[in-house]
Amino acid sequence: MEQTDKAVPDAASWWPGRAPGPRPAPAPETGVWRFSALSHEASVPRTRHAVRDRLLAQGMAGERYQELVDDLLLIVSELVSNAVTHAAVLSPEVVCELAIGADRVRISVVDGHPYRPKAQENDPARPGGRGLLLVKSITLQAGGECDVERTEDGGKVIWASLPLPAAGAGPEADPDDDN
């Protein structure tokens with residue numbers, strides 16, 4: 001069998017009537033995934049890595065999604081860290097849920113502690129306490145929303161929902177680029 005380095009065009013690139021030029025990258029695959037973890041410090045990086053791997057497996061690799069993935073991973077780290085630090089006494093397990101929709105990604109963390117935290121003002125004299133403020137800031141800057149809600153069993157869910165980048169968005173689609 002002969003091997004060649006010549007690329008074979010796919011049908012969409014040579015089909016008559018198709019406009020020339022790059023095709024938009026496909027949208028990520030939708031779905032909902034849950035990651036359960038013990039309320040332990042080691043669960044923070046484990047959950048972050050599991051979410052990252054799932055985001056990439058669902059098609060969120062590349063520059064178009066880089067900022068979104070980075071934002072989501074920071075949010076996951078903060079929310080799971082908060083749950084592990086503040087809710088472990090009443091919640092031996094935390095659950096992180098990733099939901100990818102047609103135009104949004106929602107990340108939520110559920111724990112069994114009834115306390116509903118609020119984002120604290122930035123106080124340089126206090127160590128810590130800025131996790132939810134950071135989550136809120138990142139979410140709003142990305143054009144998303146976040147909230148804290150009670151669960152049916154008396155615990156809470158803290159969630160953030162961010163929009164997917166538009167097709168053609170990202171550094172490679174900079175309209176001011178003169179290349």
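The values are calculated or read from the model by the stated rules, or taken from the named source; none is laboratory data. Since the model is a prediction, treat every value here as computed from it, not as a measurement. Here the Cβ is made from the backbone with ideal geometry for all residues, glycine too, and neighbour counts use every protein chain on show. In case anyone asks, the SASA skips ligands and DNA or RNA and just uses the protein heavy atoms, side chains included. Shrake-Rupley method; radii C 1.70, N 1.55, O 1.52, S 1.80 Å.
From the residues in region 95-112 that are assigned to a loop (DSSP other than H, G, I, E, B) and either acidic (Asp, Glu) or in contact with a Gly (Cβ under 6 Å, 6 or more places away or on another chain) (or both), which one is surrounded by the fewest Cβ atoms within 10 Å (Cβ to Cβ)?
The selected residue is Asp103.
Considering only region 117-129, how many residues are within 20 Å of Val157 (Cβ to Cβ) and either surrounded by 13 or more Cβ atoms within 10 Å (Cβ to Cβ) or at pLDDT 75 or above (or both)?
Number satisfying all stated conditions: 3.
Assuming Arg64 fulfils every condition listed in (1) closer than 22 Å to Leu134 by Cβ; (2) crowded, with 20+ Cβ neighbours inside 10 Å apart from one, which condition is it?
All conditions are met except number (1).
Only residues in region 79-94 that are within 18 Å of Leu134 (Cβ to Cβ) and open to solvent by 10 Å² or more (accessible area, probe 1.4 Å) count as the first member; pair them with residues that are at pLDDT 90 or above and among the small types (Gly, Ala, Ser), Cβ under 7 angstrom, at least 6 apart or cross-chain, and list the lot.
Close Cβ pairs satisfying both conditions: Val84/Ser39; Val84/Ser43.
Quickly run through region 132-169 and pick out the residues that are among the basic types (Lys, Arg) and in contact with a Cys (Cβ under 8 Å, 6 or more places away or on another chain). So that I can check it myself, show each step before the final result.
Going residue by residue through region 132-169, those that are among the basic types (Lys, Arg) are 136, 150, 156.
Correct list: Lys136 only.
Here is a yes/no grid of residues against (1) surrounded by 15 or more Cβ atoms within 10 Å (Cβ to Cβ); (2) of a type in the set (Ser, Thr, Tyr); (3) at pLDDT below 95; (4) in a helix (DSSP H, G or I):
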| site | (1), (2), (3), (4) |
| --- | --- |
| Gly21 | no, no, yes, no |
| Glu29 | no, no, yes, no |
| Val32 | no, no, no, no |
| His40 | no, no, yes, no |
| Thr47 | yes, yes, no, yes |
| Asp53 | no, no, no, yes |
| Leu56 | no, no, no, yes |
| Leu68 | yes, no, no, yes |
| Leu72 | yes, no, no, yes |
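Taking into account only those residues within region 130-153 that are assigned to a loop (DSSP other than H, G, I, E, B) and touching a strand residue (DSSP E or B) at 6+ places or on another chain (Cβ under 9 Å), which is least open to solvent (accessible area, probe 1.4 Å)?
Residue satisfying both the conditions and the ranking: Gly144.
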